[in-house]
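The values are calculated or read from the model by the stated rules, or taken from the named source; none is laboratory data. Quantities reported herein were computed from a predicted structural model and do not represent experimental measurements. In this analysis, Cβ positions are derived from the backbone assuming ideal geometry, glycine residues included, and neighbour counts consider all displayed protein chains. Note: areas computed on protein heavy atoms with side chains; ligands, DNA, RNA excluded. Shrake-Rupley method; radii C 1.70, N 1.55, O 1.52, S 1.80 Å.
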Amino acid sequence: MAQLTFREAVAAALDQEMARDETVVLLGEDVGSGGVFKTTAGLKERFGPDRVWDTPISEQAIAGAAMGAATAGLRPVAEIMFSDFYATCWDQVANEIAKACYMTGGQLRMPLVIRGTNGGGLGFGAQHSQSVENWAMCVPGIKIVSPSTPDDMWGLLAAAIRDPEPVLVFEHKALFGTKAERPAGDHHLVPLGEAALRRRGDDVTLIGLARTVGMCEQAATALAEDGIAADVIDLRCLVPLDAATVLASARRTGRVVIVEENPGQLGWGAAVAAILAEEAFHDLRAPVVRVSGGNVPLPVATAMEAAVMPSAEKVAAAARGLTEGRIPAATPA
Amino acid sequence: MPRATCVTTFGEVDAPVATPPRAEQTAPDLRDLYERMLRIRQFEAKVDVLYRQGRVRGPAHLGLGQEAIAVGVAAALRSGDFSLGTYRGHAHALARGASEEAVLRELLGRVGGICGGKGGSMHITSVEHGYYGSYAIVGGHIPTAVGMAWASRIRRDGGVTACFFGDGTTNIGAFHEAVNLAAVWSLPVVFVCENNLYMEYTPIGDVIPVERPAADRASAYGLAPLVVDGNDVAAVREMALAAVDRARRGDGPSLVEAVTYRLGGHSVADGGAYRHPDEVAAARTRDPLVRLATEMAQSGEMGVDESDALVTRVKGEMDALAARVLEEPTPDAAGAWTGMWSDGSAAWRN
Ligand SMILES: Cc1ncc(C[n+]2csc(CCOP(=O)(O)OP(=O)(O)O)c2C)c(N)n1
Ligand SMILES: [Mg+2]
């Protein structure tokens, strides 16, 4: 069976959508030469300079130009090399793009995608390793996608490009090298807003996004050896959030561990936990627990970085604690 | 080289002005330009009164005294061209043809407001007329304007984008990133800096290390230093026609500095006490409407009686419009939960 890497899946989605719709255009730093993560490799050669535009180091101009092009009827896909750099163009994302449709009474439409590499674990340090999907989740008006598999990377990015709303796609940089079976056919689409149940078990629900889904799956394997069966839910999108899938699983298992890489002090897991508290309280058999990124800037040395990141071991320990009736201290202070 | 005399906080400046290659120009219809400016002036004068009566929701930033820029540039655009402005944007929307009634409904919080009650004064938008919005984060819209021009360039549809902003805005990063990108990609965009000599309460001279906020920065982006008297509607139109023509021909962006003066405060809530009364009085003598009316009276194009009658008529129309809109219903709360997404919905989860 043919294999596909997560990295190749990005290019496959872009290639598919650019071939299908000539209004899809790319812009970003070094995208023409394939980008520093080689996720846009070959696209300029195939589609030419009118479709793939190398920009100056100007994140505000990149995000703003995407907004303008979308306003004028194109479907731009902008790249922010590292999602940490969103901080330099947050005005464009949070104040302009997210609000344009609403505050003009629907006169402006923003069919655009901004892709950014996200997440840590590679020793890139505090300014190139953050998981910042929680920044976006504070802002109504943008959709948030973060795939965990090559298959989803392809299908969700394609769906994001076709979506009529602004979508931020967070590509976890530790996943680029991961491989899976290439989806059959050469057209692939995964709808936004549908979580995937990666594994089925009635004792505990493990909820992950992007790289933490793999941690949940590993933890589930370890838990199975102890006779604990886990549901593993891959949220895939934070907005729209498939709360129905989360609630259905929590009502069945009564125990939930939420695994997020962004800092726990205000991560997306807090929003999911609040939904569970408000809407599934009577079905819960234990408190909802979060395994989150540490509430410190990300350090570099291997042991230190590992200490502040979620891991399969931490997830398994949290889940075991819940099934044993203990409330584990999962999140580092 | 042509010169423009502009009165600035530094006194009278007689500046050499680079002019872009001339476009084919027809003589301006001065009466028409005058009437357009007058409608905007009377509209905003009415808004000022309504604000003082406590009837306008939120702040309003008026462009009293700056009408010649909105009208002069709009006169150089075609339908299908794009324009974008700031929170001081009533004039820019109206100059492209937005409905006075729909704008006023938005300001007064009535059903049928141009943004459905979700924008207010600072976000007036009329896509139908090519006016793609008013933006209230200083400089935030300049990259957007560049993106719209980029779309025109990709489609090769001959469209031009005009983007308005203030003198103070030339100090924010988004301005520099956007002008640079437009120049590097040679995009069909006309940047219009309305230099009204103040950023809020601070004289612009206090916060720029050069004399001219836009023109003196132009060379950093390979652009010509264009300065025009922003209180002379015919001169603004002429400059804009040349810049628009250059953009349409594919020769890239222009950065125009139009020197003007804000006759009122920064917003309706500001009395402008930081400005010397003599300075304001001197500026009033250069009011673009007074100037054009005087000019037309001298040339015989429009007599004083006629222009007085016109003022009376338009003022009456604005009074009547306001009286009518004030009688109209206000939107109910349910609308707040709609329209975040383009299908009209607003849910973030199932
Ligand atoms: C990023 C940002 N900083 C500050 C403000 C507050 N503010 C609103 S208008 C203004 C002055 C802008 O001056 P200028 O660009 O000259 O435009 P003018 O108001 O004179 O038309 C300021 C500081 C803002 N809206 N956005
Ligand atoms: Mg100003």
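In the stretch A:49-139, which helices (runs of 4 or more DSSP H) lie fully inside it and hold 3 or more residues that are more than 7 Å from chain B (Cβ to nearest Cβ), under 21 Å from A:L241 (Cα atoms) and in contact with a helix residue (DSSP H, G or I) (Cβ under 8 Å, 6 or more places away or on another chain)?
On the way: elements: A:59-71, A:98-103, A:133-137.
Qualifying helices (runs of 4 or more DSSP H): A:133-137.
For the stretch B:189-218, name all the residues that are more than 8 Å from ligand 2 (Cβ to nearest atom) and buried (at least 22 other Cβ atoms within 10 Å of the Cβ).
Across the stretch B:189-218, the qualifying residues are B:V189, B:V190, B:F191, B:V192, B:C193, B:R212, B:P213, B:A214, B:A215, B:A218.
Residues to consider are B:T285, B:T294; find the one that is of a type in the set (S, T, N, Q), touching a Lys or Arg at 6+ places or on another chain (Cβ under 9 Å) and either open to solvent by less than 50 Å² (accessible area, probe 1.4 Å) or closer than 27 Å to B:L33 by Cβ (or both). Working first, answer last.
Numbers: B:T294 fails: touching a Lys or Arg at 6+ places or on another chain (Cβ under 9 Å).
None of the others qualify; the one that does is B:T285.
Need the failing condition index for B:I114 against (1) open to solvent by 10 Å² or more (accessible area, probe 1.4 Å); (2) within 16 Å of ligand 1 (Cβ to nearest atom); (3) over 20 Å from B:V190 (Cβ atoms), just the number.
It is condition (2) that B:I114 fails.
Considering each of B:H92, B:H61 in turn, give the residue that is modelled with pLDDT of 95 or more, within 16 Å of ligand 2 (Cβ to nearest atom) and over 23 Å from B:E238 (Cα atoms).
One residue alone meets the criteria, B:H61.
Looking only at residues that are more than 8 Å from chain A (Cβ to nearest Cβ) and out of contact with any strand residue (DSSP E or B) (no Cβ under 6 Å at 6 or more places or on another chain) in the stretch B:129-146, which one is least open to solvent (accessible area, probe 1.4 Å)?
Step one: filter the stretch B:129-146 for residues more than 8 Å from chain A (Cβ to nearest Cβ), giving B:129-131, B:134, B:136, B:138-139.
Still in the list and also out of contact with any strand residue (DSSP E or B) (no Cβ under 6 Å at 6 or more places or on another chain): B:129, B:136, B:138-139.
On the way: B:H129: 52, B:A136: 38, B:V138: 58, B:G139: 2 Å².
Only one residue fits best here, namely B:G139.
Listed residues A:A243, A:A286, A:A271; which is open to solvent by 30 Å² or more (accessible area, probe 1.4 Å), among the aliphatic types (A, V, I, L, M) and outside the structural domain of A:Q127 (by TED's automatic domain parsing)? Can you show your working first?
On the way: A:A243 fails: open to solvent by 30 Å² or more (accessible area, probe 1.4 Å); A:A286 fails: open to solvent by 30 Å² or more (accessible area, probe 1.4 Å).
Testing whether each residue is open to solvent by 30 Å² or more (accessible area, probe 1.4 Å), among the aliphatic types (A, V, I, L, M) and outside the structural domain of A:Q127 (by TED's automatic domain parsing) leaves just A:A271.
Of everything in the stretch B:182-219, what is away from ligand 1 (no atom under 15 Å from the Cβ), out of contact with any Phe, Trp or Tyr (no Cβ under 8 Å at 6 or more places or on another chain), of a type in the set (A, V, I, L, M, F, W, C) and touching a residue at least 12 places away in the same chain (Cβ under 8 Å)? Give them in sequence order.
Those that are away from ligand 1 (no atom under 15 Å from the Cβ), out of contact with any Phe, Trp or Tyr (no Cβ under 8 Å at 6 or more places or on another chain), of a type in the set (A, V, I, L, M, F, W, C) and touching a residue at least 12 places away in the same chain (Cβ under 8 Å): B:V189, B:V190, B:A218.
Please specify each residue of the stretch A:208-227 satisfying the condition of being outside any helix (DSSP H, G or I) and closer than 19 Å to A:A174 by Cβ.
Taking the stretch A:208-227 as the starting set, the residues that turn out to be outside any helix (DSSP H, G or I) are A:208-210, A:226-227.
Within the stretch A:208-227, A:G208, A:L209, A:A210 meet the criteria.
Of the numbered conditions (1) near ligand 1 (Cβ under 10 Å from one of its atoms); (2) open to solvent by less than 10 Å² (accessible area, probe 1.4 Å); (3) more than 8 Å from chain A (Cβ to nearest Cβ), B:G166 fails exactly one; give the number of that condition.
For B:G166, the exception is condition (2).
If B:G117 passes every condition in (1) out of contact with any Leu (no Cβ under 8 Å at 6 or more places or on another chain); (2) at the interface with chain A (Cβ under 7 Å from one of its Cβ atoms) but one, which one does it miss?
Failed condition: (2).
Take the residues in the stretch B:169-180 that are of a type in the set (V, I, T) and within 16 Å of ligand 2 (Cβ to nearest atom), then tell me which one is nearest to the other protein chains (Cβ to nearest Cβ). Can you show your working first?
Let us first name the residues in the stretch B:169-180 that are of a type in the set (V, I, T), namely B:169-170, B:172, B:179.
If we keep only those that are within 16 Å of ligand 2 (Cβ to nearest atom) too, we end up with B:169-170, B:172.
Values: B:T169: 13, B:T170: 15, B:I172: 9 Å.
Among residues in the stretch B:169-180 that are of a type in the set (V, I, T) and within 16 Å of ligand 2 (Cβ to nearest atom), the one nearest to the other protein chains (Cβ to nearest Cβ) is B:I172.
Collect the residues in the stretch B:72-93 that are within 16 Å of ligand 1 (Cβ to nearest atom) and either closer than 18 Å to B:E327 by Cα or not aromatic (F, W, Y) (or both), keeping them in residue-number order.
Step one: list which residues in the stretch B:72-93 are within 16 Å of ligand 1 (Cβ to nearest atom), which gives B:73, B:83-93.
Residues satisfying the conditions are B:V73, B:S83, B:L84, B:G85, B:T86, B:R88, B:G89, B:H90, B:A91, B:H92, B:A93.
Considering the stretch A:5-48 alone, what residues qualify as being within 12 Å of chain B (Cβ to nearest Cβ), more than 19 Å from B:L181 (Cα to Cα) and open to solvent by less than 10 Å² (accessible area, probe 1.4 Å)?
Within the stretch A:5-48, A:V24 is the sole residue that qualifies.
Given the criterion away from ligand 2 (no atom under 16 Å from the Cβ) and under 30 Å from B:T202 (Cα atoms), identify the matching residue among B:G271, B:G265, B:G303, B:G344. If you could, list the steps in order and put the result at the bottom.
Values: B:G265 fails: away from ligand 2 (no atom under 16 Å from the Cβ); B:G303 fails: under 30 Å from B:T202 (Cα atoms); B:G344 fails: under 30 Å from B:T202 (Cα atoms).
One residue alone meets the criteria, B:G271.
Looking at this structure, is B:I172 away from ligand 1 (no atom under 16 Å from the Cβ), open to solvent by 10 Å² or more (accessible area, probe 1.4 Å) and not small (G, A, S)?
Numbers: away from ligand 1 (no atom under 16 Å from the Cβ): no; open to solvent by 10 Å² or more (accessible area, probe 1.4 Å): yes; not small (G, A, S): yes.
No; evaluated as a whole, the condition is false for this residue.
Looking only at the stretch A:258-316, count every residue that is within 14 Å of another protein chain (Cβ to nearest Cβ) and in contact (Cβ under 8 Å) with a residue 40 or more places away in the chain and tell me the total.
Within the stretch A:258-316, residues that are within 14 Å of another protein chain (Cβ to nearest Cβ) and in contact (Cβ under 8 Å) with a residue 40 or more places away in the chain number 3.
Scan (1) crowded, with 20+ Cβ neighbours inside 10 Å; (2) free of Cβ contacts under 8 Å to residues at least 12 places away in the same chain for the single condition A:G185 breaks and write down its number.
(1)
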